[in-house]
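Below: one structure, written as structure tokens.
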Amino acid sequence: MKQRILIFTVIACAMVLSGCARKAVPSPVPTPTGFGSALVESSGGKQTGAVGTTLGQPVVVQVNDDQGNAVTGALVEFSGPAGVSFDPASGLTDSSGQLSTNVSLGGMAGRYQVTATTVSKAQKRVDLKLEEIALGYQQLVGAELNDKYCSRCHDPESTPERVSNYDNLEIKPHPFTEGDTLNKMSDADLVAIISHGGPALNKSALMPPYGYTLSKTEIQALIAYIRLASDPPYRASGMVYAQK
Amino acid sequence: MQSSRNKLSALWQTLFGDPIRAFGVVSLLLLLSLAIAPAKNHFSEWRHYQNQYLTLIRGRGDAVTLRRHFQGGIQQIWLPEIGAVDRCTTCHVGLKEASLVDVSTQPFRRHPAIPHTAEQFGCVMCHRGQGAATTVEEAHSSTLAWEQPILPARYIESSCGQCHRAPLEGTPQLNSGRNLLAQSGCVHCHTIKLPDGSAMKGTDDPPSLLHIADKTTRDWIYAWLKDPQAYAVTAKMPNFKLRDADARDISAFLIANSSPLPGDASPVAAGQKAPDPTAGASLYGESFCASCHAVQNAAGNVVGGNLGPELTRIGTKVKPEWLQAWVRNPRAYDPPTEMPHYRFSDQQIAVLTGFLLNKTDADLLANVHLDPATPEQIAHGKTLVTEYGCASCHQIVGIKKPENFAPELTRIGSKPVTQLVFLPGMAHNLPDYIAAKIRQPRSFGSALKMPQYTFTTAQIDALATALLSLTDRTQNLPAALTVPSVPASDYQPAGKAGQLITDLACFSCHRINGRGGDMAPDLTWEGSSVQRQWLFEFLKNPNTLRPALIRRMPKFNLSDADINVFTDYIMTVYQTPAFDRDSMPSGGYPPAQVEQGKQLFYSKYACQSCHIVDTKMDKGYIGPTLTQVGSRLTAAWMYQWMKNPQALRPGTIEPNRNMSDDDARALTAYLASLKGSGKREAKQ
């Protein structure tokens with residue numbers, strides 16, 4: 001029986017969760033030629049991607065010394081929960097003190113905490129924790145709908161390619177990452193405001209109704225996305241949550 | 001020795017000594033052997049998981065419901081039409097239990113919400129693996145007997161692509177993989193047959209090399225062949241990793257083989273540099289060249305569109321006379337080009353080409369020193385061009401496009417693992433094999449011809465996803481189960497207007513009757529939408545209706561005669577059958593109705609959140625500016641649009657407000673009253 005369980009665990013890890021079988025031979029960990037005392041994120045945190053896939057942008061971290069200068073040749077190792085894989089999983093920082101890795105998410109929708117680690121000269125561990133979000137099918141559809149219909153008003157971030165309308169609105173909507181506000185709204189509230197517009201919840205008519213534009217399934221997909229994007233994470237009331 | 005033999009014979013004696021006893025013992029043995037099968041069943045893996053599941057749900061609040069749903073024993077989904085015999089639900093017991101949101105251990109996780117159910121399609125159709133197996137290992141892993149292991153989650157969208165040939169919402173990876181297959185030249189060498197019998201077509205447009213010597217120099221060809229991405233980071237041509245001597249000989253052959261383009265190449269004040277260095281940059285900007293062409297800026301970012309080639313180092317590539325002729329009329333050199341024929345004056349051509357020719361990079365050709373080509377080199381170049389299959393993509397004088405130059409990929413997603421040659425240390429599965437082949441083709445042998453691309457990991461995953469969707473099943477599915485792609489339209493407008501539409505390459509950006517790009521609005525019903533006078537003015541001097549857009553309609557410097565041809569054609573031919581554009585008056589609505597419409601605009605429908613009417617007050621930045629919409633759109637179009645925007649333009653993001661007739665009429669009255677000041681609308 002023990003053996004059975006063992007076999008199962010191994011296979012489950014290798015096959016059911018994605019990405020594990022990605023790298024057949026792990027590359028050896030290189031020997032560091034430099035040491036820093038701080039680890040900072042350059043880019044790549046808080047990305048979203050479909051379950052199991054590689055994130056669009058690499059995660060780039062930088063090792064600095066006490067004075068805040070970039071350190072070349074410092075060893076950085078990446079780790080994450082089961083199913084998450086890194087390419088490369090470790091390496092030495094380049095001449096600008098940075099190391100970049102491609103992150104592949106696990107097979108289950110949700111938030112994944114990934115950790116970058118370096119050791120200082122005094123052998124002290126320095127950790128940097130980043131969060132990435134894996135979207136399941138429903139959330140993926142929601143993310144696409146959000147991108148098409150909602151984000152121009154709800155996301156304040158503006159690029160020349162895509163100018164945000166947020167600043168132009170007299171009453172400001174909340175970005176869907178604002179869990180403090182959105183988590184207080186029930187699923188029924190969200191269906192109401194998305195289908196019938198702001199006035200359905202005594203809010204501003206600047207929030208248009210989408211009940212005749214989007215199907216019920218699409219509105220459910222949007223809600224699934226909003227629930228996953230919110231920070232702090234959403235927890236449905238009345239649910240018993242198992243501890244990890 | 002002796003004693004053990006004695007013991008054995010004693011045992012024999014006890015068991016089979018007399019016939020009755022012997023009968024009893026044999027019966028017992030028979031019974032035992034009959035019990036093996038049920039015992040195996042009893043101790044089987046799946047029973048273990050079912051028991052584990054029952055323990056898991058025991059303490060839960062929803063235990064009663066879950067227990068009621070639970071069915072013990074081997075479960076099976078049998079769908080003869082698609083050949084599914086899937087017993088996965090024997091262990092994956094919680095698959096349909098919505099309340100198991102908090103359970104993350106397998107095999108008890110509920111299935112995430114998707115548009116299909118397991119009853120419809122089974123499990124293996126999407127996840128692959130062995131449906132009939134009842135042990136973990138046989139179901140999930142590739143064994144000798146079973147070829148198809150479970151598909152890793154990162155490629156799961158490939159399974160959607162077996163039935164869905166059309167782009168699908170919710171499968172961005174598959175969609176992007178298919179686009180990459182068509183854009184990156186893969187299908188020029190590899191045949192991919194689709195279930196309808198057609199072959200997948202490339203959407204890239206590799207340039208013809210018939211007249212290459214008119215366009216560029218041998219030195220540039222050499223540098224390009226050695227490393228296309230050194231010339232332009234966005235270059236689509238992959239790197240063939242040619243040796244110096246091979247690049248030397250191919251460049252020699254291509255130049256010697258090129259035939260001069262007949263016709264007048266009369267240079268415009270040849271070599272003249274722009275009189276005012278800023279004039280070129282502003283003409284480049286005003287002509288919206290950047291909507292299609294990118295340039296890498298000092299920070300290394302590539303800025304601009306990707307419809308045409310990157311122009312960062314164009315001055316190092318092209319011959320000045322060629323560039324002038326090209327800017328004058330690109331269709332003379334390349335008739336099917338996607339670049340419009342701008343009607344530039346000689347002065348403008350000089351200014352623009354002067355500006356472009358200044359975009360040089362001395363480093364690119366600094367180390368290229370080629371001696372004059374010898375006949376042997378030229379002959380060897382021709383051999384290499386044939387060997388590398390250059391004519392699969394490019395037109396070359398005297399060389400035919402090779403048939404089936406590379407292995408066909410029509411069923412690559414079902415290729416048995418036993419037919420693959422893996423590299424040492426590689427995981428033995430099809431997805432990893434495909435990804436490795438795309439990532440570094442030559443690592444499988446330096447004599448292989450497949451070139452090196454510069455794909456990112458995400459792009460390689462997308463490509464592998466698209467390839468894994470090409471399975472035996474893809475080819476064999478009953479037609480009723482497939483969702484075919486929309487066939488490409490070959491719509492071609494007739495007459496003088498048709499010629500103009502081709503000459504100006506309108507289809508590069510606009511879609512009409514199903515043909516064309518999506519950078520700019522669909523014009524299929526433009527004649528019902530706009531007023532004639534406005535259209536004439538717009539074609540004469542286009543400017544954007546949407547302040548937030550950076551891609552804009554360029555000014556083609558059309559003659560009034562041409563504009564009239566265009567305007568007449570659009571107004572008469574591009575009309576919707578759904579309503580008559582003259583069915584509502586363009587003005588003269590009662591002031592009370594106009595005022596009511598204004599109220600509705602600002603309060604009930606809050607249109608100002610996306611649109612601007614009063615430039616001082618409104619700031620909406622998503623939809624088009626409406627300051628003069630009464631001079632632009634027909635009243636009937638506005639009314640119908642308000643009633644149901646998606647009916648007029650499928651996919652538009654304007655929400656359908658389910659408006660009453662009265663509200664729509666009042667809003668139309670208000671919008672029709674917005675005639676503007678007579679000056680051009682929406683100039684930023």
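The values are calculated or read from the model by the stated rules, or taken from the named source; none is laboratory data. If you're wondering where the values come from, they're calculated on a predicted model, not measured in any experiment. For neighbour counting, all protein chains shown are included, and Cβ atoms are generated from backbone atoms with ideal geometry for every residue, glycine included. SASA here: full protein model, heavy atoms, side chains in, ligands and nucleic acids out. Shrake-Rupley method; radii C 1.70, N 1.55, O 1.52, S 1.80 Å.
Comparing A:68, A:211, A:142, which has the greatest mean-square fluctuation in the GNM of chain A with Cα pairs linked when under 10 Å apart? In this elastic network of chain A, the residue with the biggest mean-square fluctuation among A:68, A:211, A:142 is A:68. If the Kirkwood radius is taken over C-alpha pairs of the range B:313-395, then at 20 °C and 1.002 mPa s the Stokes-Einstein diffusion coefficient equals 136 µm²/s. What is the sum of charges, Lys and Arg at +1 and Asp and Glu at -1, for the other residues whose Cβ falls under 11 Å from the Cβ of residue B:666? Summing Lys/Arg as +1 and Asp/Glu as -1 gives -1. log10 I(q)/I(0), Debye, Cα-only chain A, no solvent, q = 0.17 Å⁻¹? Values returned for q = 0.17 Å⁻¹ are -1.22. Put +1 on the Cβ of each Lys and Arg and -1 on the Cβ of each Asp and Glu in the protein assembly as shown; which of B:123, A:117, A:102 then has its Cα farthest toward the positive end of the dipole? The Cα lying farthest towards the positive end belongs to B:123. The charge dipole of chain A, taken about its Cα centre with unit charges on the Cβ of Lys, Arg, Asp and Glu (plus for the first two, minus for the last two), comes to roughly 940 debye. Once the Cα atoms are used to define both axes, helix B:172-183 deviates from the longest principal axis of chain B by about 60 degrees. Taking the accessible area of the protein assembly as shown, probe 1.4 Å, and keeping the other protein chains in place, the carbon and sulfur fraction comes to 57%.
Pairs with C-alpha atoms separated by more than 22 Å, drawn from the list B:201/B:400; A:172/B:604; A:216/B:604; B:616/B:675; B:201/B:359; B:226/B:317, are A:216/B:604; B:201/B:359.
The local environment of residue A:130, defined by Cβ-Cβ distances under 10 Å, has a net charge of -1 under the rule Lys, Arg +1 and Asp, Glu -1. The range B:361-503 gives an Rg/Rh value of 1.08, both radii derived from C-alpha positions and Rh following Kirkwood. Contact residues in the range A:52-67 (at least 50 Å² less accessible area with all protein chains than alone, 1.4 Å probe): A:54. The residue list A:219, A:89, A:190 was ranked by how far each Cα lies along the charge dipole of chain A toward its positive end, using unit charges on Cβ atoms, and A:89 comes out on top. Both radii are taken from the alpha-carbon atoms of the range B:45-123; with Rh as the Kirkwood radius, Rg/Rh is 0.97. Here's the picture: charge each Lys and Arg Cβ at +1 and each Asp and Glu Cβ at -1 in the protein assembly as shown, and of B:10, B:25, B:349 the one pushed furthest to the positive end of that dipole is B:10. For residue B:449, which aspartates and glutamates qualify as cross-link partners when the Cα separation must be under 18 Å and same-chain residues fewer than eight apart are set aside? Filter leaves B:227, B:244, B:246, B:249, B:387, B:403, B:408. Helix B:560-573 axis versus longest C-alpha principal axis of chain B: approximately 40°, rounded to the nearest ten. At 1.4 Å probe size, with no ligands or nucleic acids counted, give the accessible surface of residue A:163 in Å², nearest ten. Accessible area, nearest 10 Å²: 30 Å². What is the helix-to-structure angle for B:430-439, meaning the angle in degrees between its Cα long axis and the longest Cα principal axis of chain B, kept from 0 to 90 and rounded to the nearest 10? Helix B:430-439 and the main axis of chain B meet at about 30 degrees. Kirkwood analysis of the Cα pair distances in the protein assembly as shown returns a hydrodynamic radius of 32.7 Å.
Ellipsoid semi-axes for the range A:137-229, based on the Cα gyration tensor and the rule √(5λ), read 19, 16, 13 Å when sorted largest first. Remark: the Cα gyration tensor places chain B in the oblate category, a/c being 1.5 or greater and a/b not exceeding b/c. Kirkwood radius, the range B:419-525, all distinct C-alpha pairs, inverse of mean reciprocal distance: 18.2 Å.
Once C-alpha pairs closer than 8 Å and six or more residues apart are averaged by separation and normalised to the residue number of the range A:137-229, the relative contact order reads 36 percent. Comparing the full protein assembly with the isolated chain, the residues of the range B:84-128 losing at least 40 square angstrom of accessible surface (1.4 Å probe) are B:102, B:106, B:109, B:113.
Association of chains B and A removes close to 4700 square angstrom of accessible area from solvent, both sides included, for a probe radius of 1.4 Å. For the options A:224, A:188, A:82, a Gaussian network treatment of chain A with springs between C-alpha atoms closer than 10 Å singles out A:188 as fluctuating the most. Distance distribution note for the range B:119-188: the fraction of Cα pairs above 14 angstrom is 65%. Taking all protein chains into account, the per residue accessible area for the protein assembly as shown stands at 50 Å² (1.4 Å probe). The alpha carbon gyration tensor of the range B:212-383 gives principal lengths a ≥ b ≥ c with a/c of 1.5 or higher and a/b greater than b/c, which makes the shape prolate. Entry note, the range B:125-260: relative contact order of 15 percent, from Cα contacts under 8 Å with a spacing of 6+ residues. For the range B:581-672, what class follows from the C-alpha gyration tensor (a ≥ b ≥ c being the square roots of its eigenvalues): rounded when a/c is under 1.5, otherwise prolate if a/b is larger than b/c, else oblate? Because its axes are fairly even, with a/c under 1.5, the range B:581-672 counts as rounded. Here the sum of -39500 (n - 2.57) over DSSP H runs of 4 or more residues, divided by the residues of chain A, equals -6000 deg cm²/dmol at 222 nm, to the nearest 500. Taking a sphere under 13 Å around the Cβ of residue B:410 and counting the other residues whose Cβ falls inside, with K and R at +1 and D and E at -1, yields a net charge of +1. Legend: residues in the range A:209-225 shielded by at least 30 square angstrom of accessible surface upon adding the remaining protein chains to the isolated chain (1.4 Å probe, heavy atoms) are A:209, A:212, A:213. For residue B:540, the aspartates and glutamates whose Cα comes closer than 18 Å to its Cα, not counting residues fewer than 8 places off in the same chain, are B:286, B:503, B:526, B:560, B:562, B:568, B:681. Rounded to the nearest 20 debye, the dipole size of the range B:1-146 about its Cα centre is 480 debye, using +1 on the Cβ of Lys and Arg and -1 on the Cβ of Asp and Glu.
Averaging Cα coordinates gives a centre for the range B:145-198 and one for the range A:91-156; these two points are 27 Å apart. In this structure residue B:291 has an accessible area near 10 Å², from a 1.4 Å probe over the protein heavy atoms.
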